[in-house]
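Values quoted throughout were computed directly from the atomic coordinates according to the rules given, and no laboratory measurement underlies them. What you are looking at is a predicted structure, and each value in this text was computed from that prediction instead of being measured. Virtual Cβ from ideal backbone geometry, glycine too; neighbours counted across all protein chains shown.
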Amino acid sequence: MSEQSKKLPKGRSLWSDGIHRLAGHKLAMAGLVVIAAYFLLAAFIYISELCNWKISFLQWGDKIGREYEPPNAKNIIGTDFLGRSVLRKTIYGTKISITVAFLASILSIAIGVPLGAIAGYFRGAVDEIIVWLYTTLSSIPYILLILAFALVLKDKAINLHWAGLGTLELRGIASVYLAMGLTSWVGICRLIRGEVIKHKDREYVLAAKSYGCGDGRIITRHLIPNVFHIVIIDFSLRFVSFIQAEVILSFLGLGEKNSPSWGAMIDTARLDLPKGYWWEMTAATLAIFFISLALNVFGDALRDSLDPKLRIQ
Amino acid sequence: MNNNGTLLSLENVSTHFFTADGIVKAVQNISLKIKKGRTFALVGESGCGKSVTALSVMRLVPHPQGKIAGGKIIFEEKNLLELNEKQMRNVRGNKIAMIFQEPMTSLNPVYTVGNQIAEAIKLHQDKAGWQAKEDAVEMLQKVGIADSQRRINDYPHQMSGGMRQRVMIAMAISCQPKLLIADEPTTALDVTTQAQILDLLDELQQQEKMSILLITHDLGIVAERADDVAVMYASRIAETADSKTLFANPLHPYTQGLLKSLPRLGFTGERLPTVAGIVPDPLHFPSGCKFHPRCPIGCNDERCQTIEPEIRYVAPGHGVACWHAQGYEKITDKQNG
Amino acid sequence: MLITTALLVIAGCDGSTSPPDSNEIVLYSALPAKVRGLDPGDIGDTTSSAVASQIFECLYQYHYLKRPYELIPQLAEAMPQVSADGLVYTVKIKKGVYFAEDRCFGDKKTRELKADDFVFAWKRIADIKTLSKNWWIFEGKIIGLDEFREYTKTCKTAGDVDYSRPVEGLQAPDDHTLVIKLKKPWPQIAYLLAHLPTAPIAREAVDCYGRDIINHPAGTGPFRLKSWHKGSFIEMVRNVRFRGEFYPSEGEAADAAKGFLADAAKPLPFADRILMMIVQEDPPRWFLFMQGKIDASGIPKDNFNEAIDKRGTLTPEMKKRNIHLEVFRDPSTYWLGFNMEDEILGKNKPLRQAISCSIDRRKYIELFTNDRGEAAYGFIPPLMKDYNPNIKQTGIEYNPEKAKQLLAEAEKIYGGKLPKLTLAMPSTDVVARQEGDFLNYCFKNAGLNVEIDYMDWPTFQEKIKTKSAQMFLLGWIADYPDAENFLQLFYSKSISPGPNNFNYSNPEFDKIYRQAVIMQDGPERTELYRKAERIVVEDCPAVFLLHGVAYVLHHDWVHNYKPHAFGYGLSKYYRIDKTKRAAYEELLKEDR
Amino acid sequence: MTTYIIRRLFYTIPIVLGVLLTTFILFNVVGGDVSDQIAGKAASKETIAEIRKEYGWDKPLFFARDSQFNRHLINAATFDFGRSWNDRERVMDKIKQGAGPSLSLTVPMFLGTVLISISLALIVAFLRGTIIDVLAVLLCVAGMSLPFLSFILFGQYFLAFKWGLFPVFFWPDLSTVRYVTLPVLIGIAAGLGGELRFFRTVMLDEIRNDYVRTAFAKGLSPARVLFKHVLKNAMIPIITQVVLAIPFLFLGSLLLERFFGIPGLGYLMVDAIGARDFQVIGAMTYIGAILFVVFNLITDICYALVDPRISLE
């Protein structure tokens, strides 16, 4: 509607405009707070482990009550089969789930963004190869690909001596986030490539070229910042799928085993549920539910405010 | 009240938009009358509310944000705002038709033009598919599309902008409406095509004896084609009169400003506003007369800054909303002309 | 047979709903894992055995009711005649035994069983081209068979192997006589002749189906395969050609009182049809049992509290539903094994003992078997005749304080702080994770730093075979009631990739073992077995955790349901009371 | 049209080769041979050597006439993947047997989800901004945020076992309709949120177009506008979403099939993962990719059918 387009305050950049709109979106802000809380919690668990702090609510391995105690005043969400606090396990599970999803996201961005930018910028043979690579990967059904990677990478040692890094042992969750990261960069790569192709003939790029910027500088200093909002949006929405994928991988025995994760808790609880021990399942489900909800709401709002194409009134 | 000769009258119609940032009063207390067989032009800068006025008549204000907040829209002695949705659908496209600014996008790209024209005919005239199709061919002929028998199977993307606008017009007149609302029908077209389309509208008006509500920002077109005019500014009518009177004796400073910017001869497709200042943000209208910040008189006048003038009729059929308009203060009552 | 840790899942056995033909008697059961194939020569897992044993028969079988377990003839006419030196076994085979009808037999549809079918089946196991998992049964035992295996290695393809090539130790002088000549005495042979892989196979079937024989079992058993929906269910029907067998007339003292003799001397089988559902997830299997769809079910660990109260009896809810509980000893032992070739563990006995001391067996049993397992101190389970109750004195008790002392000693030997140890778990499932959590809890209390490494079964096997697992959780369930089956696990000639996963090697033990395995059963041999066990326990190549106890719940309409530790083909004994089954359905309706 | 299809098929060759290379690297190079696992509990070195010979693992990986990679290509071209080492069954037979049950589950699930979500999306898009729309979006996001495993466990426990509304498991006497009903419903419930949200966005993008206003101005009823005008225009994104989902139908559902005893390909995959049966996983991956490539082509042809602006020439 022409009437509405006018009310946009003038003279703001895409970012400040987007952030302004976002700030006005109460639900999105609530989502952001929840996401931040989860991340801070995960970070806090890492710090406390690094500093060897003994914080009672992180001592998930302690026996604090009888086995399978239902939720009560003392243990708000009950205990598990060893009498350990389900609440503590749920809190601690944040670490694994956030770590897996975060590292997988970072990995997919680290692969997808440079490849996409290079393909879109240089075109030609480089583009052909990168497009072939991601078309190939995207032709393989995602679930099969991720399972295949997780399965094959599991308990493998990767020799990185040539890079001066020694041997990387893929224990536990390492294979999980590697599998997710190595398989999910396709989406972001495709988006970035498309966007870079659109941008590379814009005036500001031509201007940069005209005063002698190198290709590398143009890509890193000019193009990527201008398409980075796509990365952020993709990140927030993909994060959810990674958290959910952790559950499936745990069910298939490919997840973390040595410390609680939400996927492992749900997997455990599938035996508990039939006899009415519903609390462990519920706690993990809710933990996943809230961060997924927050990420979905926030991601949607982010997309609406940062991506003019997709803006929905 | 004498309704003889009046086809459509708007009485104190207000339309508001409820947005996340606040209420936008896009149309405030508008009243106007359209006479049978005549062309009524609604003029104003973009964003002044003229399109919303037209959509309000069609009851097609974008919902759910937009709402007609009050007033009456009397068409053929019935208040359109009191009709139920089904009755209203029977008016749309049948008795009141509308054509839009963007012929490029206003047609559905995935159906043939024939299909789209015939759709309205089938709906309102209860005709069988083949009959409707024959009618559609005839309509295309009427709007001057050569080889209409064949073109009827074309898709919109196979046609030029002018052709598409002709198709839109064909679709609009296919059910012989009493009123055709043309919302900036030529803005998106090049100059020669503009004239052709306007000529076509004139011609059809003669043939079909329909009234036209022409929405435009181009005073040149108004001068040439309209019988009656209303000038809108910031959701309200600033001045209304028959075309001759308005051009001869503009009373509102805004109208005066607009006319000054009009080239003496003919019309051009150039955008109008050369009145100093910018159109106010509908969320933050100025107090008093909304034109006062841009008005050579009002910007220094306290009354203009604090009290908003109502429209008053200084002569039969000539209404204006300005404290400083000639003869405005003498009239104390609102008159309904 | 290798089994994963204390997860005591039993194949639910039989069950029922209303069958399409109202007079037909149908057994319904649930299998907890998929069925891999029905070629007895290749079967190595319990689930496939549970199916194939209804279709195939061996020379001998275990008496259904008598305890201790006793062999009786099945396809054989009588128990084997053994030569004085114990090296030649002559077995008379029953006459008039026919294979179930199958198209591989051509127009006649069936054929009489001959001694040659055994010779063929066993040569087939020896044939390296068939890649049978069961070569261990005959390896080094029968004259000429090892040479036959060597010969098959020289053949290019499976088709080139000439089965008419004679094997001296396996002869069929006539159609109903089988002569087996041994390289050295093999007292366990009779048990193995009751072991499913030694069942006879018709050459016609192999010729006809080739490698697809896994899908076309042709046996002499009471049932024949009707349809097999892979991954879903298996349907078997009564074999009309079944030779005829009768329900046993004698049993243990208490059997008559329990009603196990009510059907004495009646013809077997009682059921017309068997339906085995494959239900790999615990929750639906439990739901099916509780809905009366299947007849019997093991109790998933987590349903224990629902089914059984603290004293080990059924809960009132279960009793109300007329559900019966059978508890029985399993010939199994579960342990935490050490890799004796590991740098750190192998040379450090105090460390191994410290680990042994740190594990609270009682708690383990309470948590994972609901207090119904028996703590193990040696490897021979109490079900075996040669079980030594005094092994407890040699074994190591739970004692975290002593564990700490031993650990200090171990560190002296190691010469510094011990590195992190790794315990390989054979499964990634929930129960394995819970066990891991528990063991880690024990280790932490004793000051041990252990990482639990969970892996799927194939990876685990690979680790063990390549000697790259440091510690591992595993168990063994006896194939036959002779402790030799356990002893061989510690024999130095069978270290990985053989069954000696501990890579344990002790010349003294080896000497006793070699001596004992060729001895006939008797007090002398028992003494040797016990002595060998004591040597192993002292060397501590493993922490012996518990001996298994199995639970099976079954509905009251299944009669003659007596648990059996070695038999698989037991469906023929079960009798279904259809009125009781209908009554249960009514009961369910009322509950709703 | 024919030339177009031929040209497109030509383009798919490098993709198929890429897929084959990927599966080969995953399962033959990284995954490696599993001969010790085949050999069973009492394996000797010679048995293992025999097995390696049998499965061709003694051959060089690349660069030889009889290399494993060549074998891999031939297998793929003839769709003969040999026998699974796990149960000696023909891999292709297993896949053929599994396809039917999988489809009987996934096709109704898919049709249900697509039809319901598209219809609801039209309605919700029409009511955009109202409380119904807001609620629908929140419900969608909530549905997407719950782990799938939780849906299954709660669904099976309450709907089937506790309340007896559905059979808890597959049963031979039951008609297919009876026992797939619950898994189908669970699948729809779990999948609806994401689909509905996607289609709503598509519809919203479409409903803001001018031609919708034109259609209303003609006096058409909302239903006619939505189902005739909007829907056909929204077909491009819908087709992309819908047609490209079809190859996945053949893969079945990993979790639903296992919990409800449907012997489909999802079930097969779970088993294969547990047994490290790379032949089955590799074959499934390859077939999945082939189907995807084929349906990608079909998608392009469908575009031309619904949108007169797209031509295949």
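Per residue, chain C reaches -8500 deg cm²/dmol at 222 nm when only DSSP H runs of four or more residues are counted, each adding -39500 (n - 2.57). Evaluated with a Cβ-only charge set (Lys, Arg +1; Asp, Glu -1), region C:348-473 carries a dipole of roughly 420 debye about its Cα centre, given to the nearest 20. Which pairs break 32 Å Cα to Cα here: C:Lys129/C:Lys349; C:Lys417/C:Lys463; D:Lys59/D:Lys96; C:Lys226/C:Lys465; A:Lys154/C:Lys123? Too far apart for the 32 Å limit: C:Lys129/C:Lys349; C:Lys226/C:Lys465; A:Lys154/C:Lys123.
Quick check: the distance between the Cα centres of region B:179-216 and region B:1-74, to the nearest angstrom? Rounded to whole Å, the Cα centres lie 20 Å apart. Magnitude of the charge dipole for region A:195-313, about its Cα centre and with charges confined to Cβ atoms of Lys, Arg (+1) and Asp, Glu (-1), is about 400 debye. From least to most packed, judged by other beta carbons within 10 angstrom and beginning with the fewest, A:Phe102, C:Phe233, C:Phe246 follow the order C:Phe246, A:Phe102, C:Phe233. Exceedance of the 28 Å cut-off in Cα-Cα distance is limited, within the set C:Lys230/C:Lys319; B:Lys86/D:Lys228; C:Lys92/C:Lys266; B:Lys86/D:Lys232, to C:Lys230/C:Lys319. Taking amide H atoms as placed 1.01 Å from N in the peptide plane, the amide H of B:Lys25 lies under 5 Å from those of B:Phe17, each 5 or more residues away in sequence or on another chain. Counting only lysines at least 8 places from A:Lys200 when in the same chain, those with an alpha carbon closer than 19 Å to its own are A:Lys209, A:Lys309. Extension gain for C:Leu87 to C:Ile413 (0.36 nm times residue separation, less C-alpha to C-alpha distance): 112.5 nm. The distance from the alpha carbon centre of region C:379-400 to that of region D:143-167 is 46 Å, rounded to a whole number. Shown for C:Leu182, D:Leu265: other C-beta atoms within 10 Å of each C-beta, ranked fewest to most, produce the order C:Leu182, D:Leu265.
How much FRET efficiency would the formula 1/(1 + (r/R0)^6) give for C:Leu588 and C:Ala262, where r is the Cβ-Cβ distance and R0 is 22 Å, rounded to 0.05?
Once rounded, the FRET efficiency stands at 0.20.
Set the Förster distance to 51 Å, then compute FRET efficiency between B:Gln326 and D:Ser221 from the Cβ-Cβ distance, nearest 0.05. The pair B:Gln326/D:Ser221 has a calculated efficiency of 0.50. Derived from the Cα gyration tensor, the three semi-axes of the equivalent ellipsoid of the protein assembly as shown are 81, 35, 31 Å, largest first. Could you let me know the centre-to-centre spacing of region D:177-224 and region A:89-106, using Cα atoms, in angstrom? So the two Cα centres are separated by 34 Å. Straight-line reach from C:Lys493: taking Cα to Cα under 16 Å and skipping same-chain neighbours fewer than 8 places apart, the aspartates and glutamates in range are C:Glu139, C:Glu341, C:Glu484, C:Glu508, C:Asp510, D:Glu46.
Approximating the spin labels as points 7 Å out from Cα along Cα→Cβ, the D:Leu115-to-B:Arg303 distance works out to 7.1 nm.
Rounded to the nearest 500, the helix-only mean residue ellipticity at 222 nm of chain A stands at -22000 deg cm²/dmol, with each DSSP H run of n ≥ 4 adding -39,500 (n - 2.57). Estimated from helical segments only, the mean residue ellipticity of chain B at 222 nm is -9000 deg cm²/dmol, where each DSSP H run of four or more residues counts as -39500 (n - 2.57).
So which of C:Lys34/C:Lys109; B:Lys36/B:Lys78; C:Lys66/C:Lys385; C:Lys156/D:Lys45 end up more than 21 Å apart by C-alpha? From C:Lys34/C:Lys109; B:Lys36/B:Lys78; C:Lys66/C:Lys385; C:Lys156/D:Lys45, over 21 Å: C:Lys34/C:Lys109. Which residues make up the longest stretch of chain B clear of trypsin sites (Lys or Arg not before Pro) that lie in a DSSP loop with no more than 13 other Cβ atoms within 10 Å, not counting the sites? Result for the longest clean stretch: B:1-208. Candidates B:Gln158, B:Gln205, B:Val143 compared by Cα position along the dipole of region B:142-230: farthest toward the positive end lies B:Gln158, with charges placed on Cβ. Ranking B:Leu283, A:Tyr211, A:Ala301 by how far each Cα lies toward the positive end of the dipole of the protein assembly as shown (charges on Cβ) leaves B:Leu283 at the top.
Placing +1 on the Cβ of every Lys and Arg and -1 on the Cβ of every Asp and Glu, with no other charges, gives chain C a dipole of roughly 100 debye about its Cα centre.
Computed from Cα atoms, the angle from the helix D:131-145 axis to the main principal axis of chain D rounds to 10 degrees.
Cβ-to-Cβ counts within 10 Å put B:Cys295, B:Cys289 in ascending order as B:Cys295, B:Cys289, the fewest first. Need one word for region D:57-171: rounded, prolate or oblate. Basis is the Cα gyration tensor (sqrt eigenvalues a ≥ b ≥ c); a/c below 1.5 gives rounded, then a/b vs b/c decides. Here region D:57-171 falls in the prolate category.
Taking the convex hull of the Cα atoms, report for region C:482-592 its projected area averaged over all directions, in nm².
11.4
Rounded, prolate or oblate: which fits chain C, taking a ≥ b ≥ c as square roots of the Cα gyration tensor eigenvalues, rounded meaning a/c under 1.5, else prolate when a/b beats b/c? Oblate, because a/c is 1.5 or more while a/b does not exceed b/c. Counting only Cα atoms, region C:151-308 measures 58, 40, 34 Å along its principal axes, largest extent leading. In this simple spin-label model, placing a label point 7 Å from the Cα along the Cα-to-Cβ direction at both A:Arg123 and C:Glu24 gives a separation of 7.0 nm. Here the label points at B:Asp199 and D:Asp80, each 7 Å from Cα along the C-beta direction, are separated by 7.8 nm in the simple model. For B:Ser287 and D:Val306, the FRET efficiency from 1/(1 + (r/R0)^6), where r spans their Cβ atoms and R0 equals 45 Å, is about 0.25.
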